[in-house]
Each structure stands twice: as C-alpha cells, then as structure tokens.
Amino acid sequence: MSNNRFGGLSDSFVTLQNAIVFPHAQDNTCGVLDSDGAFCDFSRGVMGPRRAALEPQPLDPGTAPVLEGCYLYGGWLRAHFGHFLLESTTRFWALDELADRVDGIIFTQFRSGGVRQARKRYAPFLNILSGGKPLRILRDPTRVENLIVADPGFGHHSRITGSPRYRQYTRAKVAQAVNPEGPERLYVSRSALADNRGGIFGETVIEEIMRANGYTIFHPQDHSIPDQFARYRAARELVCLDGSALHLAAYALQPGARVGMILRRHSGLLEGLAKQLDLFADAKVHVLDALRASWVDESAKRVDFRSIGELDFAKLRALLVENEFIADVPATDPLQEPDIQNILQSMNRGEMRRVPVATTP
C-alpha cells in the first residue's frame with residue numbers, strides 16, 4: 001500500500017503550550033494552532049484516503065476561553081462506527097507513556113453533531129482506551145494550557161495497518177479489560193442490520209450452513225463492545241462478511257485465529273482490512289470471493305458499503321470447505337431471479353440495478 005498523503009504512523013507526539021483547539025466547522029476547518037499561530041500537522045483530521053480537514057485561520061488568543069491542565073488531543077468524535085474506529089481512536093496510543101501527565105482527552109464535534117450519541121454509544125471502548133481518563137468535548141475554539149498532539153497511529157488507507165505502538169497499546173488495553181468468553185467457532189452476521197447498511201441476498205443461507213457446522217451465529221449490534229471483545233477473544237475460527245465488525249475483531253482476536261472474510265463487494269479497502277487483521281492479531285485471513293454481482297441504488301455512481309451482494313452459494317460453500325471452515329455438506333439451493341426480486345421488493349431502497357463483477361456502475 002502506498003504512503004498516506006496525510007502522514008501518520010510515526011509513533012511521535014508534540015507537546016504545545018497555549019495552543020488553540022478548533023472544532024470541526026462547516027467550512028471543513030479543524031485542528032490545532034500553536035501559540036505562534038502555526039498549524040500542527042499531527043492534528044489534521046482525515047476522513048478518507050483523499051479527504052482531510054483544512055487548516056483553521058489564526059484567532060486572537062484573547063478571545064478564546066482557556067482550559068487549564070494537560071490534555072491529549074483526540075481529534076473529532078465520530079458517531080458512525082467504522083469512522084469512529086478509524087478517526088477517533090487514533091491518538092490514544094500516546095497514553096502508553098503519558099498517562100501520568102495527562103488530565104484528560106479532548107475531543108471535538110464532527111461537522112455539527114453526533115458527539116453525544118458517539119460518547120454514549122462507545123463509552124465502554126473509550127473508557128478502555130483512555131484508562132478511565134475523563135473526556136472533554138470542545139464545541140468552540142479553546143486555548144489549552146498544555147496540549148499533547150500525537151501523530152495518528154491508525155486510520156484510512158495505508159494507516160489501516162496501525163503503527164506498532166498503536167497496535168500494542170490498544171490490544172494490551174483490551175486484553176487487560178476483557179476476558180475471553182464464548183464459543184471457539186463464530187459466524188458474525190449482518191442479516192439483522194438495516195438494508196441501507198449493505199449486505200448480501202440470502203445471508204440466512206450462510207447462517208444455516210455455519211450453524212450446521214458448529215458455529216454460533218452472532219449479531220454484534222445486539223451486544224456491548226466489551227461483550228463483542230469477549231466473543232472475539234474466545235473465537236479460534238471466525239467467519240464474517242467484510243465490514244466494520246472485522247475492524248473491531250482485530251483488537252481482540254488471539255494470535256493464530258483463523259478468519260474467513262466473505263466478500264460482499266469488491267473494494268480496494270478490503271486488502272487493508274485483511275492486512276489489519278494480520279498485523280494486529282497475527283490472524284490467518286482467508287478471503288472468500290464468491291461474488292457474482294452487486295446491486296446498487298439506481299442513482300449510484302459506484303459500488304459502496306450500501307450495495308447488496310449477490311453470491312454464488314455453491315462456490316462459497318466450496319471455498320469454505322477448501323479452507324477448512326466447514327465439512328463437506330450437501331449443496332444448498334441457489335437463489336433464483338424471482339427470489340432476488342422478492343427480496344428487493346421487501347426492501348425500502350427504491351429502484352436498484354445489478355452490476356456484474358468486473359464492471360462499474
């Protein structure tokens with residue numbers, strides 16, 4: 001993977017006095033200016049491989065409220081689960097040597113909201129990573145007496161591999177906080193998620209195959225993050241459609257665990273996800289590609305996370321057998337065109353169109 005154009009992964013940090021923290025604004029500015037008004041590159045917010053926040057303009061320090069003490073800059077706090085992991089957990093690694101110096105962690109909003117929802121939803125994971133340090137949410141530009149800004153140790157594109165200190169710190173904190181609990185064979189399902197979050201047609205077919213082979217079907221959205229960690233720490237074999245659940249599993253899987261990642265779409269991001277599981281957990285990742293087509297909204301310009309995958313179940317079954325995730329079981333009936341049309345009619349997605357593999361919308 002190529003170097004990230006926005007840096008990251010250097011395992012370095014800077015300590016600033018009287019720096020001003022700027023929350024994410026409608027003009028896409030965000031970050032930290034030091035006491036001389038210079039932008040701190042480590043504070044740049046990155047929301048995608050080619051998308052980042054702009055540098056804020058200097059502000060008269062006398063007009064900004066002052067926060068006394070020493071704080072770690074956390075960046076913005078995202079409500080979307082995948083973006084939360086990739087953008088809001090990235091600087092905690094610096095606490096591995098700075099915990100005694102830091103009074104708390106500063107976060108800001110992303111755009112105009114979602115902070116309260118994110119803080120409540122992800123409180124258990126934030127507490128694990130922060131070691132119980134208090135979180136401060138800044139909604140207006142604020143001058144901070146002492147501010148530590150760490151280079152992000154994780155994120156989009158080439159940052160997906162994580163820096164050595166980020167990987168070591170986050171996995172150690174999860175292991176300290178959560179004991180393994182649950183079955184050794186786990187199938188992580190998306191079948192109960194809303195249609196607009198993406199998935200495949202007929203995932204219940206896979207569930208039946210996996211259940212018959214001794215797997216427990218697990219719906220992570222029904223469980224707390226610590227409970228998810230406990231299940232992933234206990235699993236020796238985990239099979240799952242590609243998605244955010246595997247990002248989270250990387251923090252908890254035991255070394256040597258086997259992962260079957262079933263592709264529900266073709267995306268350049270998935271190579272990075274497999275690499276993350278390898279480097280974080282020393283997991284053996286088997287990419288299981290039985291995709292025949294993707295169904296996208298009529299107006300969609302590309303296949304994305306909202307697409308619905310159409311799988312060749314006979315091929316998938318053969319791949320699961322070949323990679324020793326299941327025994328050789330009787331073939332299942334494939335989904336026919338009428339089955340797919342019935343599913344489409346039951347979804348609240350409007351008109352959708354079929355995109356065969358190796359083509360673009």
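Key figures
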quantity: Count - residues of region 1-44 that are out of contact with any helix residue (DSSP H, G or I) (no Cβ under 7 Å at 6 or more places or on another chain), among the small types (G, A, S) and surrounded by 17 or more Cβ atoms within 10 Å (Cβ to Cβ); calculated: 2
quantity: Where a residue in region 119-134 is touching a residue at least 24 places away in the same chain (Cβ under 8 Å) and its partner, wherever it lies, is small (G, A, S) and assigned to a helix (DSSP H, G or I), with Cβ under 6 Å and at least six apart; calculated: I128/A177
quantity: Residue ID - nearest to V14 (Cα to Cα), chosen from residues in region 166-204 that are more than 18 Å from the chain's Cα centre (by Cα) and of a type in the set (D, E, K, R); calculated: E181
quantity: Some residue of region 235-248 being β-branched (V, I, T) and either farther than 26 Å from A293 by Cβ or not in a helix (DSSP H, G or I) (or both); calculated: yes
quantity: Filter result (open to solvent by 10 Å² or more (accessible area, probe 1.4 Å) and either of a type outside the set (K, R) or at positive phi (or both)) within region 96-109; calculated: D96, E97, A99, D100, D103, Q109
quantity: Looking only at region 130-160, and only at residues there that are basic (K, R) and part of a loop (DSSP other than H, G, I, E, B), the one that is nearest to D34 (Cα to Cα); calculated: R139
quantity: Residue match in region 238-246 (condition: touching a residue at least 12 places away in the same chain (Cβ under 8 Å), within 17 Å of V287 (Cα to Cα), in contact with a Phe, Trp or Tyr (Cβ under 6 Å, 6 or more places away or on another chain) and not polar (S, T, N, Q)); calculated: yes
quantity: Residues satisfying the stated conditions in region 112-129, i.e. open to solvent by less than 40 Å² (accessible area, probe 1.4 Å), part of a helix (DSSP H, G or I) and under 15 Å from L85 (Cβ atoms); calculated: A118, F125, L126, I128, L129
quantity: Residue match in region 263-275 (condition: of a type in the set (D, E, K, R), part of a helix (DSSP H, G or I), out of contact with any Cys (no Cβ under 6 Å at 6 or more places or on another chain) and at pLDDT below 95); calculated: yes
quantity: Residue match in region 179-187 (condition: at pLDDT 95 or above, hydroxyl-bearing (S, T, Y), open to solvent by less than 50 Å² (accessible area, probe 1.4 Å) and within 14 Å of A235 (Cβ to Cβ)); calculated: yes
quantity: Condition check for R302: touching a residue at least 12 places away in the same chain (Cβ under 8 Å) and not in a loop (DSSP other than H, G, I, E, B); calculated: no
quantity: Single match in P338, P330, P334 (criterion: farther than 25 Å from L270 by Cα and outside any loop (DSSP other than H, G, I, E, B)); calculated: P338
quantity: Selected residue (only one of L253, L279, L335 is open to solvent by 30 Å² or more (accessible area, probe 1.4 Å) and either in contact with a Cys (Cβ under 8 Å, 6 or more places away or on another chain) or closer than 26 Å to R159 by Cβ (or both)); calculated: L279
quantity: Single residue of region 206-237 satisfying the filter (crowded, with 19+ Cβ neighbours inside 10 Å and touching a Ser or Thr at 6+ places or on another chain (Cβ under 7 Å)) that is nearest to D339 (Cα to Cα); calculated: I209
quantity: Search result, residues across region 196-218 that are closer than 21 Å to G309 by Cβ, touching a residue at least 24 places away in the same chain (Cβ under 8 Å), out of contact with any helix residue (DSSP H, G or I) (no Cβ under 9 Å at 6 or more places or on another chain) and not in a strand (DSSP E or B); calculated: N196, R197, G198, E203, E208, R211
quantity: Unique match (being under 26 Å from L288 (Cβ atoms) and in contact with a Phe, Trp or Tyr (Cβ under 8 Å, 6 or more places away or on another chain)) among S189, S158; calculated: S189
quantity: Which listed residue, of R190, R167, is open to solvent by 20 Å² or more (accessible area, probe 1.4 Å) and assigned to a helix (DSSP H, G or I); calculated: R167
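The values are calculated or read from the model by the stated rules, or taken from the named source; none is laboratory data. Note that the coordinates shown come from a computational prediction; the quantities given were computed from them, not determined experimentally. In this analysis, Cβ positions are derived from the backbone assuming ideal geometry, glycine residues included, and neighbour counts consider all displayed protein chains. Ligands, DNA and RNA are excluded from the accessible area calculation, which covers all protein heavy atoms including side chains. Shrake-Rupley method; radii C 1.70, N 1.55, O 1.52, S 1.80 Å.
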